[in-house]
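Engineer: This structure is in structure tokens; I'll ask about it shortly.
All of the numbers you see were taken from the coordinates with simple rules; none came from a lab. Here the structure is a predicted model, which means the values were calculated and not measured. Cβ placement follows ideal geometry from the backbone for every residue including glycine, while neighbour counts extend to all protein chains displayed.
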Amino acid sequence: MSELNECFSIADLRELAIKKLPSVMFDYLEGSAEDELTAEWNRNSFSKYEFVPRVLKDVSKIDLSSTFQGVKIDLPIVTAPTGMTRMFHWEGEKAVVRATHKAGTVYSLSTVSTTSIEDVAKESKGPLFFQIYAWHDRKMVFDFIDRCKNENYDGLMLAVDLASLGKRERDLRNGHGRPGVLKRNTALAALSKPAWLFNFLTKPKLQMANMVEHLPHGADALKVASTVNEQFSASVTWEDAKELQKLWGGKFILKGIQSVEDAILAAEMGATGIILSNHGGRQLDGAPAGLDLLPDVLKAVGPNMEVIVDGGIMRGSDVIKAIALGASSVLIGRAYLYGLAAGGEAGVSRAYDILRDEMIRVMQLIGCSSISELGPQHIKRHV
């Protein structure tokens, strides 16, 4: 725990994660598409805004509570669904869901997780969402939906930004999608990370845990990645989204909206929320940052649509800026994965603690005592 106590920012957790992870695994966590411009734009989008601090306000008590799809949460941060999480720590999704619910917020699980829908539910003490894809094999998709219903998940996120898989060149160089090359490169990189290697060799092997009944090789994650990638469909339409929405019948969010026009269509189809997201820069390099889209999207869809921002959030001040600009909440991905790699469940909790502490401090310094009061009066474009 002492190493985590010396981490005072998400950047510190990132540095500790680099020390703990083989380079092949860190590249999978960190990498983005092609020249990685969009990942950089995500981060830089927050520097375009400055606060408008007000003084002599009573900010002795700060209320960070908010709601996500009607669920009360203790801070306006939700976990982004991240695939292959046990690559970064042997407990993977189980560690993240426990830490997330201790923090009092929502956990969302990826279809390509390394812990199953059912096993995550067993660890859960709070709200759960599941990210789904409109894959070629609809029977598999329908199976996921039925299983989420059986485990009382609170809602679905349909990922709409994967007509094809982004060109993630770090992963290509490391051998992702080529099992023999990936195993060799992982083995070589892991020699200098004995703790990670020990857990990789002694804990249950990595599986595409939701697809054990659907994939060959026992859904061995190192062997079936290319098979899973073939499931992504370039023919998915708004009608497919409506079909899945109807089949689910509950809270239904579109994740990966990247234009005002599509935000309007999402509102028209009755989605209960939209996530302005470019998949952490891992899909289309050159896609806009979610924060940059936010003002125009809010004007277009009005106050009744829940608009969430994803991408580049590494500081509590980033969260406050997004909420001040009108986002209902934000998603974090890499921020909590750095914590997971750095120290398992305790590392994820440390990430939440860092962000919470930074949010409280920013709120006090801008003279705002609650998330519900936070608004455009607290922020302006940096000149």
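Engineer: At a Cα cut-off below 17 Å, give the aspartates and glutamates reachable from LYS251, other chains included and same-chain residues fewer than 8 away excluded.
Structural biologist: ASP146, GLU151, ASP154, ASP240, GLU243, GLU268, GLU306
Engineer: Working out 0.36 nm times the residue gap between GLU40 and SER226, then minus their Cα-Cα distance, what length gain in nm do you get to one decimal?
Structural biologist: Difference between extended and current length: 64.2 nm.
Engineer: Tell me, what ³J(HN,Hα) does each residue in region 161-175 have, in order and in whole Hz, if you take phi through Karplus 6.51 cos²θ - 1.76 cosθ + 1.60 with θ = phi - 60° and put x for Gly and Pro?
Structural biologist: 10, 10, 4, 8, 7, x, 7, 9, 5, 4, 5, 4, 5, 7, x
Engineer: Highest mean first, what order results for 154-161, 173-180 on Cβ atoms within 10 Å?
Structural biologist: 154-161, 173-180
Engineer: Expressed in nm to one decimal, what extension gain is obtained for the pair LEU191 and HIS382 from 0.36 nm per residue of sequence separation less their Cα-Cα distance?
Structural biologist: Length difference between fully extended and current span is 64.1 nm.
Engineer: Determine the shape class of region 22-65: with a ≥ b ≥ c the square roots of the Cα gyration tensor eigenvalues, call it rounded for a/c under 1.5, and otherwise prolate if a/b is greater than b/c, oblate otherwise.
Structural biologist: oblate
Engineer: Now, a different point. Share of antiparallel DSSP beta bridges in the chain, in percent to the nearest 5?
Structural biologist: 20 percent
Engineer: Find the centroid of the Cα atoms in region 157-205 and in region 7-65, then give the distance between the two in whole Å.
Structural biologist: 23 Å
Engineer: Would you pull out the residues with amide H under 5 Å of MET157's amide H, same chain only if 5 or more places away, H placed 1.01 Å from N?
Structural biologist: Result for MET157 returns PHE130, GLN131, ILE132, ILE253.
Engineer: Name the shape class, rounded, prolate or oblate, that the alpha-carbon gyration tensor gives for region 226-383, where a ≥ b ≥ c are the square roots of its eigenvalues, rounded holds for a/c under 1.5, and otherwise prolate holds if a/b is larger than b/c and oblate otherwise.
Structural biologist: It comes out oblate by the Cα gyration axes.
Engineer: Could you give the longest part of the chain that holds none of the GluC sites (Glu not before Pro) found in DSSP loops with at most 10 neighbouring Cβ atoms within 10 Å?
Structural biologist: After excluding every exposed loop site, the longest remaining stretch is 7-212.
Engineer: While we're looking at this one, here's another question. Could you tell me which of the pairs LYS48/LYS299; LYS20/LYS102; LYS19/LYS48; LYS205/LYS246; LYS223/LYS246 are separated by over 27 angstrom between their Cα atoms in the structure shown?
Structural biologist: LYS19/LYS48; LYS205/LYS246; LYS223/LYS246
Engineer: May I pose another question? Just flag the trypsin sites (Lys or Arg not before Pro) in region 55-93 sitting in loop per DSSP whose Cβ has no more than 10 other Cβ atoms within 10 Å.
Structural biologist: Filter output for region 55-93: LYS61.
Engineer: Once you sort the root eigenvalues of the Cα gyration tensor of the chain as a ≥ b ≥ c, which label holds: rounded (a/c under 1.5), prolate (a/b larger than b/c) or oblate (the other case)?
Structural biologist: Oblate, because a/c is 1.5 or more while a/b does not exceed b/c.
Engineer: Moving on to the next point. Pop a pseudo-label 7 angstrom from the Cα along the beta-carbon direction at both LYS19 and THR202 and give the gap in nm to one decimal.
Structural biologist: The answer from the label model is 2.1 nm.
Engineer: Could you work out the helix-only [θ] at 222 nm for the chain, with each DSSP H run of four or more residues adding -39,500 (n - 2.57) and the total divided by the number of residues, to the nearest 500 deg cm²/dmol?
Structural biologist: Value at 222 nm, helices only, nearest 500: -13500 deg cm²/dmol.
Engineer: Let me ask something else. With Rg and the Kirkwood Rh both taken from Cα atoms, where does Rg over Rh land for region 28-150?
Structural biologist: So for region 28-150, dividing Rg by the Kirkwood Rh gives 1.05.
Engineer: With +1 on the Cβ of every Lys and Arg and -1 on the Cβ of every Asp and Glu, and nothing else charged, how large is the dipole of the chain about its Cα centre, in debye rounded to the nearest 20?
Structural biologist: 700 debye
Engineer: Using 0.36 nm per residue, how much length does the chain from LYS122 to ARG54 gain when fully extended, once their Cα-Cα distance is taken away?
Structural biologist: 20.0 nm
Engineer: May I ask you to list the residues of region 30-63 whose amide nitrogen lies under 19 Å from a point 7 Å from Cα along the Cα→beta-carbon direction of SER259?
Structural biologist: Only 38 pass the distance filter.
Engineer: How far is the Cα center of region 254-299 from the Cα center of region 313-338, in Å?
Structural biologist: So the two Cα centres are separated by 15 Å.
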